[in-house]
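Structure record follows, encoded as structure tokens.
The values are calculated or read from the model by the stated rules, or taken from the named source; none is laboratory data. Since we're looking at a predicted model, the values are computed, not measured. Virtual Cβ from ideal backbone geometry, glycine too; neighbours counted across all protein chains shown. Surface areas here come from the heavy atoms of the whole protein model, side chains and all, with no ligands, DNA or RNA. Shrake-Rupley method; radii C 1.70, N 1.55, O 1.52, S 1.80 Å.
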Amino acid sequence: MKLLIMGPPGAGKGTQAEGLVKEFSLVHVSTGDMFREAIKAGTEMGKRAKEYMDKGELVPDEVVVGMVNERLSQDDCQEKGFLLDGFPRTLPQAIALDEAIEALKINLNGVINIDVPRERLMARLTGRRICRNCGSSYHILFNPPQQEGKCDNCGGELYQRSDDNEEAVSNRLDVYENQTQPLIEYYIQKKLLKNINGDQEINKVLTEVITSIKTTSNISDYDDSLPSCC
Ligand code: AP5
Ligand code: MG
Ligand code: ZN
């Protein structure tokens, strides 16, 4: 299965992705995580991306598209399927993704849109903590770890992302509304969009997403092959 998960910063894309990749045995492809790994590794791309990320701006399309195309063509994505998180974020990225999946002779099965009102997002992001070791996401109030500052999954140290301060978050939310939200209409037109209310308890959101994947006809179609005409 090949899926996208969309939604504004703080909607819960990463949180839901953790449950979804387990449920459907998919590869989680998060462009934000890939950039953070590149920053940690000190690569040239990481250094370039950090300048944009810290301000809450988008990394240029050509950088992101090249990185995603390379990742999706790797064997694990081909064999297990994937859940794309944080990509596409602009119309040129969406068009590039269409071209990439056509070249790989695969189909997109569905697009999950996690819908959360803007006024909820600032608190979610400024209270978020992430495991430095395995990347699991927590919230100091809404999803606290059992032991403060430590990851439940691996015991790793929890940290706050450098773009989770009020100024960067506010810019990220504006950038989302201007550049990414229009893609909702793009995927409605393609009859792929499934809208989920993300303003409810984390497990309730997960149950709704899983149910929608299993019951929506074009998403529950596990046959990824293109029609014979293609
Ligand atoms: P990215 O890492 O993708 O960040 P984002 O889109 O801003 O989204 P977040 O990861 O902040 O939010 P999320 O929806 O994953 O929420 P989470 O589950 O963690 O991108 C970062 C940057 O990289 C971008 O700004 C850009 O610079 C660059 N970039 C990445 N992709 C790019 C692209 N394609 N093009 C160009 N640039 C790109 O949850 C948030 C918090 O809320 C957590 O604390 C969680 O515990 C809590 N929470 C989750 N669900 C609930 C719930 N239901 N109730 C209460 N709390 C909840
Ligand atoms: Mg995320
Ligand atoms: Zn961890």
Condition check for Lys214: at pLDDT below 95 and open to solvent by 40 Å² or more (accessible area, probe 1.4 Å): yes
Sole exception among (1) of a type in the set (D, E, K, R); (2) at pLDDT below 95; (3) within 16 Å of ligand 3 (Cβ to nearest atom) for Lys150, by number: (2)
Whichever residue in segment 141-168 is more than 9 Å from ligand 1 (Cβ to nearest atom), touching a helix residue (DSSP H, G or I) at 6+ places or on another chain (Cβ under 9 Å) and outside any loop (DSSP other than H, G, I, E, B) and, among such residues, is most open to solvent (accessible area, probe 1.4 Å): Glu167
Some residue of segment 159-172 being hydroxyl-bearing (Ser, Thr, Tyr), within 18 Å of Val116 (Cβ to Cβ) and in contact (Cβ under 8 Å) with a residue 12 or more places away in the chain: yes
Residues satisfying the stated conditions in segment 58-73, i.e. within 16 Å of ligand 2 (Cβ to nearest atom) and outside any helix (DSSP H, G or I): Leu58, Val59
Subset of segment 108-128 (residues that are open to solvent by 50 Å² or more (accessible area, probe 1.4 Å) and in contact with a Ser or Thr (Cβ under 8 Å, 6 or more places away or on another chain)): Met122
Qualifying residues in segment 12-32 (those that are of a type in the set (S, T, N, Q) and open to solvent by 30 Å² or more (accessible area, probe 1.4 Å)) - the one nearest to ligand 2 (Cβ to nearest atom): Thr15
Condition met for Ala38 (without any contact (Cβ under 8 Å) to a residue 40 or more places away in the chain, closer than 21 Å to Ser137 by Cβ and assigned to a helix (DSSP H, G or I)): yes
Extreme residue, surrounded by the fewest Cβ atoms within 10 Å (Cβ to Cβ), among residues of segment 44-65 that are over 16 Å from Gln179 (Cα atoms) and among the basic types (Lys, Arg): Lys47
Unique match (being free of Cβ contacts under 8 Å to residues at least 40 places away in the same chain and away from ligand 2 (no atom under 13 Å from the Cβ)) among Lys47, Lys55: Lys47
Residue that is nearest to ligand 1 (Cβ to nearest atom) [pool: residues in segment 103-134 that are part of a strand (DSSP E or B) and either touching a Gly at 6+ places or on another chain (Cβ under 7 Å) or not hydrophobic (A, V, I, L, M, F, W, C) (or both)]: Arg128
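For every residue, the table says whether it meets (1) more than 16 Å from ligand 3 (Cβ to nearest atom); (2) under 19 Å from the mean Cα position of the chain (by Cα); (3) modelled with pLDDT of 95 or more; (4) of a type in the set (Lys, Arg).
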{"position": "Arg128", "(1), (2), (3), (4)": "no, yes, yes, yes"}
{"position": "Cys134", "(1), (2), (3), (4)": "no, yes, no, no"}
{"position": "Glu157", "(1), (2), (3), (4)": "no, no, yes, no"}
{"position": "Asp163", "(1), (2), (3), (4)": "yes, yes, yes, no"}
{"position": "Leu173", "(1), (2), (3), (4)": "yes, yes, yes, no"}
{"position": "Glu177", "(1), (2), (3), (4)": "yes, yes, yes, no"}
{"position": "Glu185", "(1), (2), (3), (4)": "yes, yes, yes, no"}
